[in-house]
Amino acid sequence: MSTLVSIRDLNKRFPIRSGALGRRSGWLQALREVSLEIRRGEILGLVGESGCGKTTLARCLLRLERADGGIIELEGRDLTTLTRGDLRDMRRSVQLVFQDPWSSLNPRMRIRDIVAEPLRVHGLASGAELVRRTDELLTLVGLEATHGGRYPHEFSGGQRQRIGIARALATEPQLLVADEPVSALDVSVQAQIINLLHDLRDQLGLTILFISHDLAVVRQICDRVAVMYLGQIVESAQAGDLFGNPLHPYSGALLAAVPRPDPRCGEERVKGRILEGDPVGGVKAFSGCAFQPRCFKAEPECMRNYQPLLNLGNDRSVRCHRHE
C-alpha cells in the first residue's frame with residue numbers, strides 16, 4: 001500500500017500570554033517531532049487524551065495552522081511551503097469533517113446550497129450540472145435529493161453530520177480528515193456514521209484520518225492506530241495488534257480505562273493501569289520521556305535520556321525502551 005501523506009519531524013508551539021496587556025510569558029509545545037505516514041486507502045486512527053495535540057496535527061495538515069518546523073508531504077509535495085494560490089488547489093484534495101454538525105453548517109443556507117458551495121468555489125460545476133452533482137452527493141450519504149430545499153434545523157444530529165460529509169466529498173478529495181466526527185452524536189447514530197464512512201472508503205477509495213478519544217469507535221473502524229501523548233507519537237500499530245497487546249504504558253492505560261459492562265464476559269483484560277494525575281510537560285522543556293511522571297514502569301534512565309520512536313518491524317513502532 002503506497003504512502004499518500006508523509007509527516008516528518010513536525011513541530012508546533014503556541015505563545016502563552018498573561019497580564020492585562022497580554023504579553024507573551026512562555027510557549028506551549030503542542031507538537032514535538034511528530035513523524036507519521038498515512039497510506040492510500042486506509043483509515044488511520046489518531047487517539048489520545050484531550051490536549052495531546054491531535055487537532056493541532058490535523059490543522060497543520062490542512063494548513064489552517066503553519067508548522068514551526070518539519071515536513072508534510074502529500075504525494076511528494078511539501079504542503080508547508082505552498083503559496084496561497086497553491087493552497088487553493090491543495091484543499092480540493094484534503095477535506096475536513098467537523099466535530100459538531102450543528103455549528104459547522106450555516107443555519108441561513110439551504111442544504112443544497114451548503115453542499116454545492118465547494119463546487120462553486122472551485123469552479124467544478126454550474127447550472128444543471130451543479131444541481132445534479134448536489135443531488136448525487138446527498139444520495140451518496142444516505143439522504144434524499146428532495147432534502148436539498150430544507151434548512152439545517154430541520155434535520156437530526158446524525159443527518160446534519162451526513163450533510164457535512166457530503167459537503168466534504170464535493171471536491172472528490174483524496175484525504176478526509178474526520179476530527180471527532182461522532183462524539184456529539186448518540187450511540188446508535190454513531191454506528192450509522194461509522195458504517196457510512198467505512199462504506200465511502202470502500203466505494204470511493206478514500207483515505208481517512210480518523211481523530212477520536214473513543215477507543216471503542218476506533219477499534220471498530222480503523223485499520224491502523226497512532227497514539228499521541230503531549231504532542232508526540234508514542235506508539236503506532238495495526239489496530240488488532242494495538243488493542244490485543246499494547247506495548248507503551250500509555251496505550252495500555254488508555255485501553256484499561258475503556259468501560260466494560262461485565263468484566264467476566266470472557267474478554268481478557270488489557271495490559272495496563274488506569275492513569276492518575278494530568279499530563280505534565282506541555283510548557284516545560286524536558287530531556288527524558290514525556291510520560292515518565294505518570295508511568296508505573298519509570299526508572300532513572302527514563303528521566304535522563306531522550307527516547308526515540310523505535311521501529312520494531314511488522315508495521316509497529318513504540319517510544320519506550322521498556323516495551324518488552
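Points worth noting:
- Residue match in segment 131-142 (condition: assigned to a loop (DSSP other than H, G, I, E, B), farther than 25 Å from G45 by Cβ and over 22 Å from the mean Cα position of the chain (by Cα)): no
- Residue ID - nearest to the chain's Cα centre (by Cα), chosen from residues in segment 198-214 that are crowded, with 20+ Cβ neighbours inside 10 Å and not small (G, A, S): I211
- Residues that are surrounded by 15 or more Cβ atoms within 10 Å (Cβ to Cβ) and farther than 18 Å from L169 by Cβ, drawn from segment 127-150: R150
- Segment 76-100, subset free of Cβ contacts under 8 Å to residues at least 24 places away in the same chain and assigned to a helix (DSSP H, G or I), residue nearest to D9 (Cα to Cα): T80
- The residue pairs whose first member lies in segment 211-239 and is at negative phi and in contact (Cβ under 8 Å) with a residue 60 or more places away in the chain, whose second member is part of a loop (DSSP other than H, G, I, E, B) and of a type in the set (K, R), and whose beta carbons are closer than 9 Å, counting only pairs six or more residues apart or on different chains, are Y229/R319; Q232/R319; I233/R319; V234/R319; E235/R319.
- Contacts under 8 angstrom Cβ, first residue in segment 133-151 being modelled with pLDDT under 95, partner loosely packed, with under 14 Cβ neighbours inside 10 Å and not acidic (D, E), 6 or more apart: A145/T139
- When segment 163-193 is filtered for residues that are crowded, with 22+ Cβ neighbours inside 10 Å and of a type in the set (D, E, K, R), only R167 remains.
- Taking the criterion of being closer than 22 Å to L200 by Cα, assigned to a loop (DSSP other than H, G, I, E, B) and modelled with pLDDT of 95 or more, no residue of segment 101-126 qualifies.
- Any hit, segment 58-66, residues being closer than 28 Å to Q307 by Cα and over 13 Å from the mean Cα position of the chain (by Cα): yes
- Any hit, segment 42-54, residues being of a type in the set (K, R), surrounded by 17 or more Cβ atoms within 10 Å (Cβ to Cβ) and over 20 Å from R319 (Cβ atoms): no
The values are calculated or read from the model by the stated rules, or taken from the named source; none is laboratory data. All values derive from a computational prediction rather than experimental measurement. Every residue, glycine as well, gets a Cβ built from its backbone with ideal geometry; the counts of neighbours run over all protein chains shown.
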